[in-house]
1. Across region 91-127, what is the number of residues that are within 30 Å of residue 41 (Cα to Cα) and part of a loop (DSSP other than H, G, I, E, B)?
2. Of (1) surrounded by 16 or more Cβ atoms within 10 Å (Cβ to Cβ); (2) within 30 Å of residue 121 (Cα to Cα); (3) modelled with pLDDT under 85, residue 15 satisfies all except one. Which?
3. Name the residue, out of 96, 68, that is in contact with a helix residue (DSSP H, G or I) (Cβ under 7 Å, 6 or more places away or on another chain), surrounded by 15 or more Cβ atoms within 10 Å (Cβ to Cβ), over 22 Å from residue 11 (Cα atoms) and modelled with pLDDT of 85 or more.
4. Scan region 67-90 and report the pairs whose first residue is outside any strand (DSSP E or B) and whose second residue is exposed (fewer than 14 other Cβ atoms within 10 Å of the Cβ), with Cβ atoms within less than 7 Å and a gap of 6+ or a chain change.
5. Looking at 30, 24, which one is assigned to a loop (DSSP other than H, G, I, E, B), outside the structural domain of residue 111 (by TED's automatic domain parsing) and modelled with pLDDT of 80 or more?
C-alpha cells in the first residue's frame, strides 16, 4: 500500500529507484523469481509514467480515477479537474471481498460515487 501511495503522490521516480535496488539485492542473493517480479513491476511503472494521458491544459472538467489493489485491500484515488485546473484529490478505501477483481471493485465504486452526483462534463468525451 505504501508503494501505491508513493506512486499516486507523484513519487514514481523514487519508487522506481527503490524497486531497482530491491531487484539488484534479490539477484545478488540468487532470488531470481523475486528479481524477475520486481523487474516486471519496474517495467509496468515505466510504461504507466511514460503514457500518462491526463493533460490538465486540455482537460476542462473531468474526474480521473485510479485503483490499486494489494493483499485483498484497495485504494481508489479520484483527482478532480475543473476549469482546466487540478482541484485536488481524495483517497477512498472501499470494502470488498478479498477475491474481488479490479473491474468489479472499480465498477461498484463508480456506481456508488456517482449515485447522488452527476459526473463532470468533458467536452472532449461527449456521448
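The values are calculated or read from the model by the stated rules, or taken from the named source; none is laboratory data. Just so it is clear, the structure is predicted and the values come from calculations on it, not from any experiment. Heads up, the Cβs are rebuilt from the backbone with ideal geometry, glycines too, and the neighbour counts pull from every protein chain shown.
1. Total satisfying the criteria: 9.
2. (2)
3. When all the criteria are applied, what remains is 96.
4. Close Cβ pairs (under 7 Å, with a partner that is exposed (fewer than 14 other Cβ atoms within 10 Å of the Cβ)) amount to 72/98; 84/56; 84/57.
5. Exactly one of 30, 24 is assigned to a loop (DSSP other than H, G, I, E, B), outside the structural domain of residue 111 (by TED's automatic domain parsing) and modelled with pLDDT of 80 or more, namely 30.
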